Each structure stands twice: as C-alpha cells, then as structure tokens.
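The values are calculated or read from the model by the stated rules, or taken from the named source; none is laboratory data. Note that the structure is a prediction, hence the values are computed from the model and not measured. Glycine also receives a Cβ, built like all others from the backbone with ideal geometry; neighbour counts cover every protein chain displayed. Keep in mind that these areas ignore ligands, DNA and RNA; they rest on the heavy atoms of the full protein, side chains included. Shrake-Rupley method; radii C 1.70, N 1.55, O 1.52, S 1.80 Å.
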Amino acid sequence: AVPAPMANAPVKAVTPATFASVAASAKPGDILQLGAGTYPAFYWTRSGTAAAPIVIRSSAGAVINGNIDLFSQSHVHFTGLTVNGRIRFNNSSGIAITRCNIKTSGDGIVVYLRSENSYIADNVITGATVWASSSLGVNGNNVGEGVLVTGPGHVIMNNRIAGFRDAISLLEQSEAVDQFSIDILNNDLRVAADDAVEADYCFHNCRVMRNRVTDAFMGMSSQPSLGGPTYFIRNTMYNVVY
C-alpha cells in the first residue's frame, strides 16, 4: 500500500524555534506539522511503525537549509518540504519522501547502505550539472545522483529530476546489496550527464517503465544484470548520446 499517516494521528504544530524539542520527543503516529519558516539541517533519530509512522510535513512553506540525515530508522515520512540540500537514509526501512522540492549542489535523495521498502514519489529534485559537452560521460564535469538506492523493495515514481550525473541509480559492485524488486516508474528525467537510469547490478525483478528522458549521455544502463530479469518497458528517450 502507498504509505499514509495513521488514522486520527495527533498533529503537533511546529515552528523553527520548537522543532528540536518536538522532534526529540516524537512518538509513533505523530504528525509534525512544520509551519512556514527556515529550519536548519537535522539528523533524525526517531522511528515509527508500519501502522503508525512518524510524519514530518508542511503545506505552508517550510524550508530546510541543509541536509536531512536519517540512519537506522524505520517508518518515517517527509512530505511537502523544500530542502536546500540532500536527504540520506542509510540502513533504514519504510521511509517515504513525497511532494518535496529538493535543490542541491550534490546528491538529491540517496541510500548508501542497505535499506528497504522506501517510497520516493512526486518530488522535484534539481541538481547543479549542466547540459554541455564537457559534462558528459563517466569522466565528465558532472556531479551528484538524483536518486540512488540499494536494497530491496524501493518504489521511485512520478518524480521530476534534472541536473545530475545520474538521474536515478543503483549501487554497483561490492556496494550493491539485495538490489531486487525495485520499481522505477513514470519519472521525468532531464540533463543526465552520465545515465538517466542506471539499473546496473540489479539482482532480479527491477522494473524501469514509462519514464521520459530528455538530454542524457546514456539513456538506460544495465551492465550487468545479476540474474535478471530487468525490465525496460515503454520508456521514451529524446536527445540521448548513446
């Protein structure tokens, strides 16, 4: 099921001045409703449950100036935030990142240690890489991964991602852990100076479907697929070098 807050969840109004204290006491099921204002980077240390996730959300212009880091946590949702930085959730499960606007000079949303069952959807993720000959390829002047995951069960869908080395990528070689049952669906990917979708080192059952790619060095990559199948179905690509 698509991740959702607990029914009748308690909503806690938050301001930049009260965020740290409210976050430190957050319990499963809580919704932290961030009011308008500028919040500093933060390291999240509380977990929810599958039935009662912790939700950090805003509909009133909350801006996070810096990175959001979350390690070894579960069932935490970030919704409707503007983030001037990166969101990273290593060794975590059941994380949802939806309807966020992420602007970064490096990575967008990344997982560098095995995580599972994340839902990354309906976000706008903008990086610093420009479309130029000097940017192209593995040795080009490019930077950042738009969305990067390892582990099983991730869903990456309905995102608009532009200006990265790779728009959407899996980890490679010894860093790739349990990369199976991953869906990459309905994304709009622009200005990928290396790969628009790098599905390299998918173990099995990765589905890359109905994505639109504009301006990419490599449209879709699968080198190698470790067992398979890896599906590439009904993707549309325009102005792809290779």
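Reported to the nearest whole Å, the Cα centre-to-centre distance from the stretch 210-230 to the stretch 119-186 is 11. GNM remark for the chain: springs join alpha carbons under 10 Å apart, and the peak mean-square fluctuation among Leu148, Leu226, Leu136 falls on Leu226.
Between Gln173 and Lys27, the simple label model (points 7 Å from Cα in the Cβ direction) yields a spacing of 4.8 nm. Per the chain: cysteines with no other Cys C-beta under 4.7 angstrom? Those would be Cys100, since no other cysteine Cβ in the chain comes under 4.7 Å of theirs.
What would the Debye formula give as log10 I(q)/I(0) at q = 0.13 Å⁻¹ for the alpha-carbon point model of the stretch 86-197, no solvent? Log10 I(q)/I(0), no solvent term: -0.42. The dipole here belongs to the stretch 143-211: it is taken about the Cα centre, uses +1 on the Cβ of Lys and Arg and -1 on the Cβ of Asp and Glu, and is about 360 debye. When the surface is traced with a 1.4 Å probe over the full set of protein chains, Asp200 keeps roughly 0 Å² accessible. Is the C-alpha gyration tensor of the stretch 1-102 telling us rounded, prolate or oblate? Criteria: a/c under 1.5 is rounded; beyond that, a/b larger than b/c is prolate, otherwise oblate. Because its axes are fairly even, with a/c under 1.5, the stretch 1-102 counts as rounded. On the principal axes of its alpha carbon atoms, the chain extends 50, 35, 30 Å, with the longest extent given first. Selection among Phe232, Cys206, Ala176 by position relative to the dipole of the stretch 166-242 gives Phe232 as farthest towards the positive end (Cβ unit charges, Cα centre). Each 5 Å bin from zero up to the one holding the largest Cα-Cα distance in the stretch 58-106 carries the following percent of pairs: 6, 20, 31, 24, 16, 3, 0. Computed as a quarter of the hull surface, the mean projected area of the alpha carbon convex hull for the stretch 136-242 stands at 5.7 nm².
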